[in-house]
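Read the figures in this text as sums done on the coordinates, not as results from a lab. In this text the structure is predicted, and so the values were computed from the model without any measurement. Here the Cβ positions follow ideal geometry from the backbone for every residue, glycine too, while neighbour counts run over all protein chains shown.
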Amino acid sequence: MKRKYMSSWGLAFAEEREMKKLERMAAQGWHLEKFAPLGYTLVEGEPMDVRYSLDYRKQPDEDYFELFAASGWEHVTSTGDEIHVFKGRPDATPLYTDRQTTEEKYGQVERTMGRAALICLLLSLGFVFMLQLDWPQTAEAIILVLQTLVVIGLIFTGLPYLGYLVKRKRLERNE
Amino acid sequence: MPRNDTIELGELTDSMLYILLALTEARHGYLIMQFVDELTNGRIKIGPASMYTIIKKLVNAQLIEPIDGDGKQKRYVITAQGRALVAEDLKRRQAIVDDARFILEGEGQR
């Protein structure tokens, strides 16, 4: 079976757009198989008219997936036991049908990202401060490497945090 | 785990109210969805993610409780506290309808 890679801009920013793109790919016979680093792996099959939708839920129980399956949403794949993608018929009832629960979908992941980003921010400020002091050369090199890692961590948590924040604000304003 | 979240819950949303009504008889998630769909002739539909979120919330607020059963999916039933809150919520909704009727048709019972 042929596979192909589809890149992702990050679910915090492009969830709707990428679910739509996955639907277009499925119509051409390329079906989502699993998450890949910074993207998705698609596998070749019969063209199908389907809807993709995702949910955030930390360590859900069996009832969770059964409820979705009974409502016409087949579980496709998950990542980190938290982000779950479902595939449904075009006429299936959407995963979220009221505003309060839709806001909560993003509220929880926003808080998690926000906390992680804050920790990275404090750590990187700590390293900036440490670098002001005199260190032996090797110690300084290690601190620089750690500093770089933490900044990368900050980018990958801080940007999604802002993305979810904007999304939630937008939900609050209209609809 | 059981803590009283009723106040945090605020007013019942329409979905919450319909789920509580469905649970005057023990049902599992999917049966609740079907019940609400039939009761409202498809006017109100509740998606699985909304359903799952609301069930967890109502359990935490002790408005519904899981019952032991041999079925695959967990079933829930409304508690006395849940019934009391539904009654209270109906009064609130009735008051809104009465107010609106009074203004629009002059036939509310005030």
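Mind checking B:33-39 for the average number of partner chain beta-carbons within 10 Å of each residue's beta-carbon?
That works out to 1 on average.
Net charge within 10 Å of B:ILE55 by Cβ-Cβ distance, Lys/Arg positive one each and Asp/Glu negative one each, not counting B:ILE55 itself?
Value of the local net charge: +2.
Pairs of alpha-carbon atoms within less than 8 angstrom and 6+ residues apart define the contacts here; what relative contact order does chain B have, in percent?
Worked out over chain B, it gives 27 percent.
Which ³J(HN,Hα) values, rounded to whole Hz and listed in residue order, are derived for the range A:94-106 from phi using the Karplus coefficients 6.51, -1.76 and 1.60 in 6.51 cos²θ - 1.76 cosθ + 1.60 with θ = phi - 60°, glycine and proline given as x?
x, 4, 10, 10, 9, 6, 4, 6, 4, 5, 5, 3, 8
Through the Karplus equation 6.51 cos²θ - 1.76 cosθ + 1.60, θ set to phi - 60°, convert the phi angles of the range A:45-60 into ³J(HN,Hα) values in whole Hz; use x for Gly and Pro.
x, 6, x, 9, 8, 9, 10, 10, 8, 10, 9, 9, 7, 6, 6, x
Please give the FRET efficiency for A:SER7 paired with A:LEU121, using the beta carbon to beta carbon distance and R0 = 30 Å, rounded to the nearest 0.05.
My answer for the efficiency is 0.65.
Starting from the amide H of B:ARG27, placed 1.01 Å from N in the peptide plane, find each other amide H under 5 Å away whose residue is 5 or more places distant or on another chain.
Hits under the 5 Å cutoff: B:TYR76.
About the Cα centre of the range A:1-66, how large is the charge dipole given +1 on each Lys and Arg Cβ and -1 on each Asp and Glu Cβ? Please answer in debye to the nearest 20.
Its charge dipole is roughly 480 debye.
Non-local amide H neighbours of B:ILE46 (under 5 Å, H modeled in plane, Pro and chain starts lacking H): which ones?
none
What whole number of Å gives the distance from the Cα centroid of the range A:133-175 to the Cα centroid of the range A:66-132?
18
Please compute the net charge surrounding A:TYR106, taking Lys and Arg as +1 and Asp and Glu as -1 over other residues with Cβ under 9 Å from its Cβ.
Residues close to A:TYR106 contribute a combined charge of 0.
Tabulate in residue order the Karplus-calculated ³J(HN,Hα) for the range A:19-32, using 6.51 cos²θ - 1.76 cosθ + 1.60 with θ = phi - 60°, rounded to whole Hz; enter x for Gly and Pro.
Karplus values, whole Hz, x for Gly and Pro: 5, 4, 5, 4, 5, 5, 5, 5, 5, 9, x, 10, 10, 4.
Percent of alpha carbon pairs in chain A separated by more than 31 Å?
Result: 29 percent of Cα pairs exceed 31 Å.
Given R₀ = 25 Å, FRET efficiency for B:ALA26-A:GLN108 by Cβ-Cβ distance, to 0.05?
Approximately 0.30, to the nearest 0.05.
In the range B:41-110, if every C-alpha pair distance is counted and binned at 10 Å from zero, what percent goes to each bin?
Spelled out bin by bin, the range B:41-110 gives 17, 29, 31, 17, 6, 1 percent.
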